[in-house]
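Remarks on the structure that follows.
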Amino acid sequence: MGPQPTIKSMRYFLEAVDTCSLTRAGESLHVVPSAISSAIDKLEAAFGVTLVHRFPAKGIRLSASGEAVARRIRHVVEEYDSLLLAGSVHRDSLSGPLNIGYYAPVAPAFLPNVVQPLLASNPGIRLHCEECDNERAQDGLLSGRYDAILFVAQNAKPGILCETLMEVPPYVLMAADHRLASRNSVDINELEREPMVLLDLPFTAQYLQGLFDRMPSQPLIVATATSAEMVRSLVGAGVGCSVLNMRPHTPISYAGDALVSIPIEPALPGLRLALGSLSGKSRRLVDVFKDSLIQSFATELVSGLVTTAIPPRSD
């Protein structure tokens, strides 16, 4: 099999056919006539037929086979141009699918407020949000499943661009009637004998274990759950305390129990919530979403997602 035809050689061929001249085709495309001739030679080799008859000083004429092939080639080039145009429109428009993967248990506390104005102004957008663990979020971005992800950036994979949204310190979650609930802060060592409910997700479990390794002995883990809201409901029911990083704006669990978030002092290493995307030219819709998300994290609205110790008064 000879060399495969290229769109470039097809364009050269069609221009020669339309102008009936290698010279005029070269002038139109700003190439030398020999480039036009070479393109036709390659097409003839690829198809195994003579496409044009060449007459010195009289230009070129299509052969019988060339007439049939030229119609097919013109259709292929028109379809290719149409595809490029459609891709350009898709890239530049604020419509179509927007697929977001998130490993951020309280993303429902801020993500809807980010996308609502975008969806309201652009009814052609179709939003798909998918909760996943940190590993699957990154794999989904790299494979093209997601347009952007929210994830913990401490272990970002090569090829993922990270934009930090927030540094999130750990805090202790407890029922409102817990004996420590009125405290301004809690030392991690005070949890040594407390029943604990843990968020059991791949990265989170490893992170929490690193915090507990700082304690004289391991805490008493009485329950685990794979969703933040189940952890909150178990804590609210009095099963035990928990250590989390982000908190929703409501201090009430799904079950209606009151919860209290207490800062940990001395401070412990936190997590870095980041926006993940891929390098290169992305759709305008994705860029607008990313800009909206970054801007939202500069507002006071999302500052309530973090539990920090109140600095002592200077007076």
Counted residues in the range 1-26 being assigned to a helix (DSSP H, G or I) and surrounded by 14 or more Cβ atoms within 10 Å (Cβ to Cβ) come to 14
(request) With respect to residue 265, determine if the residue is in contact (Cβ under 8 Å) with a residue 60 or more places away in the chain, under 31 Å from the mean Cα position of the chain (by Cα) and either surrounded by fewer than 18 Cβ atoms within 10 Å (Cβ to Cβ) or in the same structural domain as residue 109 (by TED's automatic domain parsing) (or both). (result) no
Within the range 273-301, the count of residues that are farther than 29 Å from residue 207 by Cβ and touching a residue at least 60 places away in the same chain (Cβ under 8 Å) comes to 6
Does any residue of the range 32-44 turn out to be at pLDDT 90 or above and not in a helix (DSSP H, G or I)?
yes
Those residues of the range 221-252 which are surrounded by fewer than 21 Cβ atoms within 10 Å (Cβ to Cβ) and assigned to a helix (DSSP H, G or I) amount to 229, 230, 233
Checked pairs for the range 159-173, first over 18 Å from residue 308 (Cα atoms) and touching a residue at least 12 places away in the same chain (Cβ under 8 Å), second charged (D, E, K, R) and not in a loop (DSSP other than H, G, I, E, B), C-beta under 8 Å and 6 or more apart or across chains, list as 163/290; 164/272
Listed by range, helices (runs of 4 or more DSSP H) wholly within the range 47-152 having at least 2 residues that are touching a helix residue (DSSP H, G or I) at 6+ places or on another chain (Cβ under 6 Å) and surrounded by fewer than 14 Cβ atoms within 10 Å (Cβ to Cβ) are 64-92
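Within the range 253-285, can you find the residues that are in a loop (DSSP other than H, G, I, E, B), in contact with a helix residue (DSSP H, G or I) (Cβ under 7 Å, 6 or more places away or on another chain) and either charged (D, E, K, R) or within 18 Å of residue 179 (Cβ to Cβ) (or both)?
Listed by number, the residues that qualify are 257, 283.
The values are calculated or read from the model by the stated rules, or taken from the named source; none is laboratory data. Just so it is clear, the structure is predicted and the values come from calculations on it, not from any experiment. For neighbour counting, all protein chains shown are included, and Cβ atoms are generated from backbone atoms with ideal geometry for every residue, glycine included.
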